Amino acid sequence: MYLDGCLLVLIAIAVYTDLRYRRISNLIIGGGLLIAFSGHYYTQGITGLAFGLKGLGVGLALLLVPFLLGGMGAGDVKLLGVIGAFKGSSFSVSVFLWMALWGGAMAIVLLLIKGQLVATIQRLGRGLLLAGMGAGSFGDVVSRKEFSIYYPYALAIALGVLTSYFKGW
């Protein structure tokens with residue numbers, strides 16, 4: 001229960017800093033890892049430490065590809081790793097799935113607000129069609145510059161954490 005409270009406080013701080021400064025500090029990440037690993041080690045010894053390390057690895061791995069493709073910041077990747085260190089690998093998978101749904105919903109709302117939803121859907125459809133016809137890969141056909149709506153993703157991650165706590169996957 002102690003670790004759950006610490007995780008929720010850490011997530012709240014990460015959301016605040018991401019919304020305010022568009023960054024999640026390594027101090028938050030490092031402090032979270034220290035609390036998670038020491039808490040697991042104190043309660044379960046080496047087994048707890050292994051649990052946290054496995055969760056960290058899975059959390060990092062889940063967002064590595066989106067990060068490498070430029071769709072996510074390093075702080076977001078590390079934040080999901082910290083969540084895995086606190087709650088384990090299966091919880092980080094649940095958070096990943098829920099945050100993808102929340103993040104997609106947030107993106108749709110932002111595209112609606114900015115009046116870009118229809119144009120974005122048309123670009124995606126055109127890119128899929130041309131890529132399917134052999135005119136190049138989807139990434140070649142649709143430039144990244146066209147996807148210019150960025151938003152702090154820690155909020156979607158936090159909603160994924162809360163949904164995973166109360167609903168699970």
Near pairs, Cβ below 8 angstrom, 6+ apart or cross-chain, from region 79-107 (farther than 21 Å from LEU33 by Cα) to any residue that is at pLDDT below 95: LEU97/TRP169; TRP98/LYS167; TRP98/TRP169; GLY103/TYR153; MET106/TYR151; ALA107/ILE149; ALA107/TYR151
Quick check, is SER90 out of contact with any helix residue (DSSP H, G or I) (no Cβ under 7 Å at 6 or more places or on another chain), at pLDDT 95 or above and at negative phi? yes
Looking at GLY134 and the list (1) among the small types (Gly, Ala, Ser); (2) assigned to a helix (DSSP H, G or I); (3) modelled with pLDDT under 80, which single condition is not satisfied? (2)
Taking the condition of being without any contact (Cβ under 8 Å) to a residue 12 or more places away in the chain and under 14 Å from LEU79 (Cβ atoms), how many residues in region 3-16 meet it? 2
Flagged in region 20-70 as free of Cβ contacts under 8 Å to residues at least 24 places away in the same chain and among the small types (Gly, Ala, Ser), in numbering order, are GLY30, GLY31, SER38, GLY45, GLY48, ALA50, ALA61
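Matching residues to (1) under 13 Å from the mean Cα position of the chain (by Cα); (2) of a type outside the set (Val, Ile, Thr); (3) part of a helix (DSSP H, G or I):
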site: GLY30; (1), (2), (3): no, yes, yes
site: LEU33; (1), (2), (3): no, yes, yes
site: ALA36; (1), (2), (3): no, yes, yes
site: GLY48; (1), (2), (3): no, yes, yes
site: VAL58; (1), (2), (3): yes, no, yes
site: VAL65; (1), (2), (3): yes, no, yes
site: LYS78; (1), (2), (3): yes, yes, yes
Which residues, counting only those in region 13-28, are assigned to a helix (DSSP H, G or I), in contact with a helix residue (DSSP H, G or I) (Cβ under 8 Å, 6 or more places away or on another chain), within 16 Å of GLY81 (Cα to Cα) and not β-branched (Val, Ile, Thr)? ALA14, ASN26
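The values are calculated or read from the model by the stated rules, or taken from the named source; none is laboratory data. Bear in mind the structure is a predicted one, so any value in this text is a computation, not a measurement. Ideal geometry is used to build each Cβ from the backbone, glycine not excepted, and the neighbour counts take in all protein chains shown.
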